[in-house]
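Reviewing the structure listed below.
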Amino acid sequence: MNKNIIAALYYLLLITFFSSLPVHSQISPSKYFIRFADRNNSPYTLSNPSAFLSTKAMARRTRQSISYVENDLPVNPDYVDSVASKGATVLTRSKWFNGVSIYITDSAELNAVIALPFVLSAKPVQLRKANKGSVNLFKNDVITAEHHQSMRTTQSYDYGAAYNQVGMIHLDSLHSQGYHGEGMTIAILDDGFYNADSIAAFDSVRVNHQILGTKDFVGGDADVFQDTVYGEGNILHGMWTFSLIGANLPGQLVGTAPKANFYLLRTEQNASENIIEEYNWDAGAEYADSAGADVFSTSLGYTTFDDTTQNHTYASMDGKTCPITIAAEIAASKGILVVNSAGNEGNSSWQYISAPADGDSVLTIGAVDSSGNYVSFSGKGPTYDGRLKPNVVAQGAQTVIADTGGGTTTGGGTSFSCPIIAGAAACLWQKYPNASNMQIFNAIEESASQYTHPDTLLGYGIPNFYLANILLSGIAKEDEHHSFTVYPNPALSYVTIASNHNTVKAELLLIDVVGRIVMKRAIGLNETIFQIDVNMLSKGVYFLQLISEEGTLETKMVKQ
């Protein structure tokens, strides 16, 4: 059907809907998302991406061979100005959804916006000012005053009581190799980051100028540290999640990527639960994409709202329905690793993950306790369409986080397991800068404790970043040499090895996930195809190394 006809039909439907509103009547303070029909006469073109993307954002696309497409183009600024000229306050712009969110109080002004020829639709996203005090942060996030975890110092950091949450995923191995997030950019999309500009946990971040930018998509300014918009008071949740990545308090708490760079973005309005927050997240994600962020860490999730007409259902958790999920999938298509909490609805009537954790390209993080056991509040899978979720898990109970007094406390929730993995992923990506976001995603999954037998509580289990490091190293070597093939893989009893090595000094090693050599075999001159018996091996992930005068090749093998 012709686009103009579609637009006309939308226009007629919207006029019919709003015709019952008296002209010039005052309506409750209301917010709408206005979608545009086209991008005609835009000053932006795909041939000049530097006009709307940073050098770092363009470099990310170049490294991953990602083309520029229409949704990279900002909305037409003339359209935005025309909407504002009708009396609307423009709150956010969305190039991915090609529209704007607006605040408006007069029905005649709203009708005037709808009547603009380039307006395709108007969706109410918040019909009243918040008055309930409900909180969209995961309801079961809890803060406690004490912790009972072992102390641990490595050659890289003195983690203090926070060692368990780092050591559980074997990230200390990467830290000890000198990978702490340097050069990587992480965008944290959350609520406010109260006092992160002054408390001791972030001294290193401040001294080294690692906060590249801040923006409040709720209040419309750059202040995310002392926010009291709509009387919400001190906002701490974003500061807590930030500390799990960026804090550096020797002997107390060291985050998973303490030397990364950060964008701190407020998209969450604590005092209410409205779908506009999903559009705020989209605006924040677009900002971070344009600025060149590599990784997103989001400890937010959306299911039901104050206005029940906006509610999602479990059927909405299909990876393609909720606005925030659509935005998260688009972000992943731009080469960003999107890491999101699974949600804390595991022991509620909802039970399942929340949006955008249902996204296929979203690395969804559930929670375990300090011993690696499932925590009952952690959102469960699968998605409505049957895909595995969560993807992996990390410590989300008795997790050590920063407090406002300069020290630490502990908290519980998938809000805290998410940033642990996001920071760890940044360190892994730092070591393999030419990897794609999905290669990092897959290596994290494949390294996890129950990769061969996933379930709907832990997904693939607890990642092992020592193992993920080896996996990516093996992939790189295979791609470079094209000379090492293992099949069948996964294997039940026998594995065939095919190699093109041509030296007499060759040896095959089979190594388990903790680095033990479980099998060793000498390879003869020009012995290019041979078998090994794996019947006696336990189920799990192993590594095969072929060592010769030509170098070392490595690949992964799964025993079923």
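Computed values, structure above
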read-out: Single match in ILE444, ILE462 (criterion: modelled with pLDDT of 95 or more and out of contact with any Leu (no Cβ under 9 Å at 6 or more places or on another chain)); value: ILE462
read-out: Single unsatisfied condition, TYR68 versus (1) farther than 21 Å from ALA331 by Cβ; (2) hydroxyl-bearing (Ser, Thr, Tyr); (3) out of contact with any strand residue (DSSP E or B) (no Cβ under 9 Å at 6 or more places or on another chain); value: (1)
read-out: Unmet requirement for SER28, which otherwise passes all of (1) crowded, with 17+ Cβ neighbours inside 10 Å; (2) touching a Leu at 6+ places or on another chain (Cβ under 7 Å); (3) at pLDDT below 95; value: (1)
read-out: Total residues in the range 304-359, condition in contact with a Lys or Arg (Cβ under 9 Å, 6 or more places away or on another chain) and either among the polar types (S, T, N, Q) or not assigned by TED's automatic domain parsing to the domain that holds VAL393 (or both); value: 3
read-out: Members of the range 48-66 found to be over 25 Å from ILE186 (Cβ atoms) and assigned to a loop (DSSP other than H, G, I, E, B), listed by number; value: ASN48
read-out: Some residue of the range 277-292 being farther than 23 Å from VAL69 by Cβ and out of contact with any Asp or Glu (no Cβ under 9 Å at 6 or more places or on another chain); value: no
read-out: Checking ILE245 against (1) within 16 Å of the chain's Cα centre (by Cα); (2) modelled with pLDDT under 95; (3) among the β-branched types (Val, Ile, Thr), the condition it does not meet; value: (2)
read-out: Members of the range 78-109 that are farther than 22 Å from ALA327 by Cβ, in a helix (DSSP H, G or I) and at pLDDT 95 or above; value: ASP78, ASP81, SER82, ALA84, SER85
read-out: Hits in the range 338-351 (condition: surrounded by 24 or more Cβ atoms within 10 Å (Cβ to Cβ) and of a type in the set (A, V, I, L, M, F, W, C)); value: VAL338, VAL339, ALA342
read-out: Those strands (runs of 3 or more DSSP E) lying entirely in the range 386-459 with at least 1 residues surrounded by 20 or more Cβ atoms within 10 Å (Cβ to Cβ) and in contact with a His (Cβ under 9 Å, 6 or more places away or on another chain); value: 399-402, 408-412
read-out: Subset of the range 238-297 that is of a type in the set (Val, Ile, Thr) and not in a loop (DSSP other than H, G, I, E, B) - its residue that is surrounded by the most Cβ atoms within 10 Å (Cβ to Cβ); value: THR241
read-out: Enumeration of residues in the range 370-379 that are more than 26 Å from ILE330 (Cβ to Cβ) and either buried (at least 16 other Cβ atoms within 10 Å of the Cβ) or not assigned by TED's automatic domain parsing to the domain that holds SER415 (or both); value: SER370, TYR374, VAL375, PHE377, SER378
read-out: Residue that is surrounded by fewer than 22 Cβ atoms within 10 Å (Cβ to Cβ) and either assigned to a strand (DSSP E or B) or touching a residue at least 12 places away in the same chain (Cβ under 8 Å) (or both), where the choices are GLY335, GLY319; value: GLY335
read-out: Residue in the range 139-150 that is in a loop (DSSP other than H, G, I, E, B) and modelled with pLDDT of 90 or more present; value: no
read-out: Helices (runs of 4 or more DSSP H) completely within the range 159-228 that count 2 or more residues being under 18 Å from ILE401 (Cα atoms) and of a type in the set (S, T, N, Q); value: 163-167
read-out: Any hit, the range 54-71, residues being surrounded by 17 or more Cβ atoms within 10 Å (Cβ to Cβ), in contact with an Asp or Glu (Cβ under 8 Å, 6 or more places away or on another chain) and modelled with pLDDT of 95 or more; value: yes
read-out: Scan of the range 270-303 for residues that are within 18 Å of VAL100 (Cα to Cα) and either outside the structural domain of SER354 (by TED's automatic domain parsing) or not charged (D, E, K, R) (or both), ordered by number; value: ASN274, ILE275, ILE276, TYR279, ASN280, TRP281, ALA283, GLY284, ALA285, TYR287, ALA288, SER290
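The values are calculated or read from the model by the stated rules, or taken from the named source; none is laboratory data. On a predicted model such as this, the values are computed, not experimentally measured, just so you know. Cβ coordinates were reconstructed from backbone atoms using ideal geometry, including for glycine residues, and neighbour counts include every protein chain displayed.
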